[in-house]
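Q: Mind looking over this structure? Questions follow.
What follows is calculated from the coordinates using simple rules that are stated; it is not laboratory data. Since this is a predicted model, take the numbers as computed values, not measurements. Positions of Cβ are generated from backbone atoms using ideal geometry, with glycine treated the same way; all protein chains shown enter the neighbour counts.
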Amino acid sequence: MTTPDNERDSLLAEFRRLSTVEGVLSDIDGAAWESMERRDFADSVGEITKLNQIRSARRAVHEETSRARNRYLEHFYGKDGADELRAEVQAQLRTRGIRRSR
């Protein structure tokens, strides 16, 4: 049986691990696009292949990272606290999006 602190630490470690993987996949994506742009998108078959290969992995890792984040937040803050925190973040993102569009 795990203690609450051990479980919290385990949930946080899982979130961080997935965040790292998501970051690596994002870096691969960015490097492929940067490489294509440098060559004005000429002879980009290798980069396009790489982007196609990581597309489903990026989506899956992003979804699992979100689930891991939610598990951690609910363990640490409780369901109501986590819901409140997520709502606040969404409100800030909407506000940020409005400011950027002006």
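Q: Which of the residues spanning region 20-53 are surrounded by 14 or more Cβ atoms within 10 Å (Cβ to Cβ) and within 30 Å of Glu74 (Cα to Cα)?
A: Result: Val21, Glu22, Leu25, Ser26.
Q: Test Ser66 against the stated conditions and say whether it is out of contact with any Leu (no Cβ under 7 Å at 6 or more places or on another chain), assigned to a helix (DSSP H, G or I), surrounded by 11 or more Cβ atoms within 10 Å (Cβ to Cβ) and hydroxyl-bearing (Ser, Thr, Tyr).
A: yes
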